[in-house]
Amino acid sequence: MANMDALIDIVVKGKIKEAKGATQALLDQGVSAKEIIFNGLSEAMKIVGEKYEKKEYFLPQVLLSAQTLYQGLNLALPKLDAASAGAAGKVVLCVVEGDVHDIGKNIVKALMTGAGNTIFDLGRDVPLKDIVQKAKDENAHIIATSTLMTPTLAGMKEIEKMLAEGGLKGKIKTMVGGGATSADFAKSIGADGWGYDANEAVAVATKLLIGHK
Ligand code: B12
């Protein structure tokens, strides 16, 4: 009988061959994809992060855990129940230039898609000018960016500047998230919204879209 702790252990230890089976077993038992993602896979990554900080783990182990996580995440993401429908909008989403951490961004993408938004996912380590250009080309309502690293926070500020210079500030709304960000940071750069996690990302996008379309 599979349980969540077993899945967490598999991801933390990087037992890559076991992750799909353990995730599928939980799904078969009726555990929701959302529970698996938030209470299982994300929790496991928190433990991995702590081990990295304590220097019990080094980058190869972190990478192996991330690859193990993706085995389960790729099974669970398509099974996410459509979140309570929000105000559907067009959203350009990505991880900013210089940063390759994309696990959180992909969870945000799944929940925001489930809420009925059209997501233009540009991936990770995306040049800032490409982000703004895509938003212009698609007439996007929102640019949502993610970063987990402190040095790349500057890119988020730069996007605000680029929008202001193009006369688009306020026309295209912005929201930021990811481990390196905070509500205060978002406010300081003039972003329109910030979300702690993927659930909040949906709520914040909905709030920005109401009255904006
Ligand atoms: C996994 C991981 C990696 C993997 C990434 C694999 C991948 N495909 O993503 C690998 C091994 C590749 C990696 C590499 C590196 N890493 Co790393 N990594 C991590 C780790 C352990 C976990 C991150 C994670 O996936 N968390 C789980 C997800 C689910 O959480 P999340 O991303 O925060 O997302 C949630 C929310 O933040 C929110 N959210 C996310 N995006 C958005 C966007 C919006 C708009 C909204 C509203 C919300 C939102 O919703 C998500 C889901 O609920 C963290 C430790 C930590 N404490 O975070 C370090 C960490 C982020 N890494 C770090 C570093 C330094 C690096 C490297 C530079 C190391 C090196 N010397 O090479 C490189 C990066 C190279 C680069 N240029 O990008 C540092 C960053 C420090 C800093 N503040 O600058 C951390 C914090 C570790 C540490 N304590 O030092 N890493």
Span-rule helices in the chain, defined as complete DSSP H runs reaching 20 Å or more along the axis (Cα) with Kyte mean at least -1.0: 59-76
Dividing the Cα convex hull volume of region 144-193 by residue count, how many Å³ per residue is that? 57 Å³
Given a 10 angstrom Cα cut-off, can you work out which residue in Ala88, Ala203, Ala164 is the most mobile in a GNM of the chain? Ala164
What does the convex hull of the Cα atoms come to per residue for the chain, in Å³? 108 Å³
Where does each of Met45, Met4, Met156 land when they are ranked from fewest to most other beta-carbon atoms within 10 angstrom? Met4, Met45, Met156
Which distance in nm do the two modelled labels at Glu50 and Tyr196 give, with both placed 7 Å along the Cα-to-Cβ direction? 1.8 nm
Over 18 Å between alpha carbons, listed pairs Lys34/Lys173; Lys171/Lys207; Lys129/Lys187; Lys109/Lys169; Lys134/Lys173; Lys15/Lys109: Lys34/Lys173; Lys129/Lys187; Lys109/Lys169; Lys15/Lys109
Within region 125-154, find all residues whose amide N lies under 14 Å from a label point positioned 7 Å from the Cα of Lys161 along Cα-to-beta-carbon. 128-129, 152-154
Pairs of Cα atoms under 8 Å, at least six residues apart: use those to get the relative contact order of the chain, whole percent. 17 percent
Within the chain, helix-based [θ] at 222 nm, where runs of 4 or more DSSP H residues each add -39,500 (n - 2.57), nearest 500: -15000 deg cm²/dmol
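Where a number appears in this text, it was derived from the coordinates with a stated rule and is not lab data. The model shown is predicted, which means the values in this text are computed figures rather than measured ones. Please note: Cβ atoms are built from the backbone with ideal geometry, for glycine as well, and neighbour counts cover all protein chains shown.
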